[in-house]
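Here the structure is laid out as structure tokens; the discussion comes afterwards.
The values are calculated or read from the model by the stated rules, or taken from the named source; none is laboratory data. This structure is a prediction, so every number in the text was calculated from the model and none was measured. Methodologically, a virtual Cβ is constructed for each residue, glycine included, from the backbone with ideal geometry; neighbour enumeration extends over all protein chains shown. The area values use the complete protein model at the heavy-atom level, side chains included, leaving out ligands, DNA and RNA. Shrake-Rupley method; radii C 1.70, N 1.55, O 1.52, S 1.80 Å.
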Amino acid sequence: KAEEELKLSEEKFRRIVEEVADVVYSANSNGILTYINPVCPKLTGFKEEELVGKHFTSLIAPDWKSQVTRFYLNQFKRKIQQTILSFPIITKSGKECWVEQTVSQVREGESVTGYQGICRNISERKMIEAKLESSVQDLENFAYIASHDLQEPLRTVTSFLGLLEKRLAGRLDQDAKEFIGFAVDGALRMKNMINDLLSYSKVINRSADFKKVDLNEVLKDVLLNLDERIKESRAKITVGPLPKIVVDDIKVTRLFQNL
């Protein structure tokens, strides 16, 4: 009865392996393929018997073969039980196909007797990632050009305000000096906001720049940025004491400003 149950269990496991959507294979301790499930032709174009007896790296794209081989040799020497790696293979038709491969060591005691692997087709995912990367690059280029073009008129405004203040020195009353000061300060804050826009456009390609930020200072800057709109709408801003927290200062400034 025990033998029958074992046989049934093995048969059930084999059916699962043969019907799964991913390529499942076994290799000996030298990396020579000893078994591949029937899904193999769907992914690689090769029948199982065409690959059994070959090294598991035989399908790897030539430009990647040495890199992938070094990776696995390093992992195997360190006796890491399971590894996951993505790389392109060349199918029987000569097309490139990206796969994500999970390899586990088969051991008897401390000795590695073979390997078991699962290969999944991730070509569609890689295509989406490439499109996303291209879109991000386009966004960065746009933000760079936009920020550069927007800063030019600001430089002009700041420059002419400075010239005006010098030319009319001694003839300006206190209110006029304050107005010029407000205008220059507004232009400088606009410049900082444009630089923040450029930094924010790169956010997908960078990790957040976390540091301790005083939210009271952040809110003070935000209220200055929105000063005219607050006056026009006669808004009343009520603020209690705010903490210092570890955040990305650009994002938290935009958060308060949008609120």
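Can you run down the residue pairs with Cβ atoms below 7 Å, 6 or more apart or on separate chains, where the first is in segment 241-259 and open to solvent by less than 60 Å² (accessible area, probe 1.4 Å) and the partner is among the aromatic types (Phe, Trp, Tyr)?
From segment 241-259, the pairs are Val247/Phe210; Asp248/Phe210; Ile250/Tyr200.
Could you check segment 93-107 and list, in sequence order, the residues that are among the basic types (Lys, Arg) and more than 15 Å from Gly117 (Cα to Cα)?
Matches in segment 93-107: Lys95 only.
Given the structure, is Ser233 open to solvent by 60 Å² or more (accessible area, probe 1.4 Å), at pLDDT 85 or above and of a type in the set (Gly, Ala, Ser)?
Yes, satisfied.
Taking the condition assigned to a helix (DSSP H, G or I) and within 25 Å of Asp196 (Cβ to Cβ), does Leu154 pass?
yes
So the check is Cβ under 6 Å with 6+ separation or different chains; which pairs have a first residue in segment 187-207 that's part of a helix (DSSP H, G or I) and a second one that's open to solvent by 80 Å² or more (accessible area, probe 1.4 Å) and at pLDDT 80 or above?
none
Assess whether Lys166 counts as being open to solvent by 90 Å² or more (accessible area, probe 1.4 Å), on the phi > 0 side of the Ramachandran plot, outside any strand (DSSP E or B) and not small (Gly, Ala, Ser). Explain how you work it out, then say what you get.
On the way: open to solvent by 90 Å² or more (accessible area, probe 1.4 Å): yes; on the phi > 0 side of the Ramachandran plot: no; outside any strand (DSSP E or B): yes; not small (Gly, Ala, Ser): yes.
No; evaluated as a whole, the condition is false for this residue.
Cβ-Cβ under 6 Å, sequence separation 6+ or interchain: first residue in segment 87-106 and buried (at least 16 other Cβ atoms within 10 Å of the Cβ), partner part of a loop (DSSP other than H, G, I, E, B). Which pairs?
Pro88/Ala61; Ile89/Leu59; Ile90/Ala61; Cys97/Thr91; Trp98/Ile122; Glu100/Ile122; Gln105/Gln81
Just for segment 6-29: of the residues that are polar (S, T, N, Q) and at pLDDT 90 or above, which one is nearest to Lys92 (Cα to Cα)?
Here is the first cut: in segment 6-29, the residues polar (S, T, N, Q) are 9, 26, 28-29.
Narrowing the set further to residues that are at pLDDT 90 or above leaves 26, 28.
Working: Ser26: 20, Asn28: 23 Å.
Ranking the candidates gives Ser26 first.
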